[in-house]
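Undergrad: I have a structure here, written as structure tokens, and I will follow up with some questions on it.
We did not get these values from a lab; they are worked out from the coordinates using the rules stated. Since the model is a prediction, treat every value here as computed from it, not as a measurement. Cβ sites come from the backbone with ideal geometry, for glycine too, and all protein chains shown count toward neighbours.
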Amino acid sequence: MKKILLVTTVPSTIRSFLLPLADRLRQDKWIVHAMASGITEQHALTNHFDMLWDIDFSRDPMRAIPRIPASLRRIEQILEKEKYAIVHTHTPIASMMIRFGASRVPATARPKVIYTAHGFHFHSEGGRLSNLMYFEAEKVAARWTDMLLVINEEDYANAVKKNLISAGRIKKIPGIGVDVSCFDPERYTERDVLEKQKELGIPSEKKIFLFPAEFNPGKRHIDAIEAMELTRREDASLLFAGSGKLEDAMKKYVEKRALCGQVKFLGDQEDIPLLLKMSIALISPSLREGLPRVILEAMSMNTPVIATDIRGSRDLLKSGCGMLVPPRSPQHLANAMTWILENEEEAKQMGMKGRPAVLRTYDEEVVLARQKQIIDELINEPALRNTVDPAQTDHDSL
């Protein structure tokens, strides 16, 4: 039976990233279920799935641990009852639990498991101890995985070199793709841009740097604020689009630095394409990414990008549509912002390289076709879990 379960820790991941895949699978006559914590309260998702399963996952490992026994029992009951052909899991905690749960059900009900790693928690910017801990956790869960999908060059190289899973069971895909019809610069006119700036209270002569991201420590909003201060440019504004636990702290920091006239907090925004259209550049000073879709969205809008030189961002900007700066370096970020301001025509030409690169590789239709191909191939194969010899694991490079 063509029956698949999509799993994430929280439903926002499904809303943001997996609905196009769910819709495409249902068009192809698959029965599609979804599992996440609190998902049954997301009534809009009922239009995209045949069934929603609520499991008490948590992003916080300390909160997740006490819930594991009850959650595992529930997972095993669901898997044994539903007899999925495929479980396609995302996000580390939910993926660890669902894979372990799948390994415990009888062979007649055991699904084949695809795990998409949207950026391993062990990476070049991580600490040695944390990298070792996260790698060992992924290594254990790989035993219960039929196919590992990674989305950037560094993760692919690490998975192969460190023997995380049999090399034949690893595939690199171009992320989750971007809707190029939505993120299309031709959708908007100069009048649209001026009206949006007026709505936001930004003078038309201001040059805008956009930073759309959740306010969490890894995104490094503080670096963008300090960089804005270092530019000493009254003709520029920095716009934050998003919300999160550090938002209030960043607002207080902006007030303390007397930057309220240059830095604006917009909250969550629906019209990111228009905000990108009106921006001179996208800012992405993150410490850790998988394959950041916000950069893909900027590329699709022909908006140049300034991003930290980390995996994922590095992959995307190799086409020449942006600039890379060291992580945790407001001064280097400020230098790049200043260059954009002083070289507007060259920056525009840089940005124009983005959309062709997206259309070639990262168009949502291209990515969905690749995901469907992997699922269709796997469903016709015998189950093949990880067969790597643990003794061959490369720990020295962690």
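Undergrad: Give me a comma-separated list of calculated 3J(HN,Hα) values for the stretch 190-205, in order, Karplus coefficients 6.51, -1.76, 1.60 applied at θ = phi - 60°, integers in Hz, x for any Gly or Pro.
TA: Going residue by residue, I get 4, 5, 4, 5, 5, 5, 5, 5, 5, 4, 8, x, 10, x, 5, 7 Hz, with x marking Gly and Pro.
Undergrad: Let me ask another. Relative to the Cα centre, what is the charge dipole magnitude of the chain, using +1 at the beta carbon of each Lys and Arg, -1 at the beta carbon of each Asp and Glu, and rounding to the nearest 20 debye?
TA: Approximately 1100 debye in magnitude.
Undergrad: For MET147, MET278, which order do you get if you count the other beta carbons within 10 Å of each Cβ and list the fewest first?
TA: If I rank by nearby Cβ atoms, fewest first, I get MET147, MET278.
Undergrad: Would you mind computing, in nm to one decimal, how far apart the modelled labels at LYS198 and LEU246 are, each placed 7 Å from Cα along Cα→Cβ?
TA: 3.6 nm
Undergrad: Another one. Within straight cross-link reach of LYS264, meaning Cα distance under 16 Å, which lysines are found once same-chain residues fewer than 8 apart are removed?
TA: LYS196, LYS198, LYS206, LYS207, LYS251, LYS252, LYS256
Undergrad: Under 21 Å Cα to Cα from LYS112, which lysines show up? Leave out anything in the same chain fewer than 8 places away.
TA: LYS2, LYS3, LYS29, LYS81, LYS83, LYS139, LYS171, LYS172, LYS372
Undergrad: Hey, of [x] 0.96; [y] 0.98; [z] 1.06, which did the structure itself give for Rg/Rh (Cα atoms, Kirkwood Rh) when calculated?
TA: This structure yields the entry labelled [y].
Undergrad: How would you rank ASP376, ASP184, going from fewest to most other Cβ atoms within 10 Å of each one's own Cβ?
TA: Going from least to most buried by this count: ASP376, ASP184.
Undergrad: Can you give me the relative contact order of the stretch 185-361 as a percent, contacts being Cα pairs under 8 Å and 6 or more apart?
TA: 23 percent.
Undergrad: Further, regarding this structure: If you rank THR361, THR189 by fewest surrounding Cβ atoms within 10 Å, what's the result?
TA: Sorted ascending by nearby Cβ count, the order is THR189, THR361.
Undergrad: Quick one: 3J(HN,Hα) in Hz for the stretch 50-63, Karplus 6.51/-1.76/1.60 with θ = phi - 60°, rounded, Gly and Pro as x.
TA: 7, 7, 10, 10, 9, 10, 7, 7, 8, 5, 8, x, 5, 7
Undergrad: Roughly how tilted is helix 330-342, in degrees to the nearest 10 and between 0 and 90, from the longest Cα axis of the chain?
TA: Between helix and principal axis, roughly 60 degrees.
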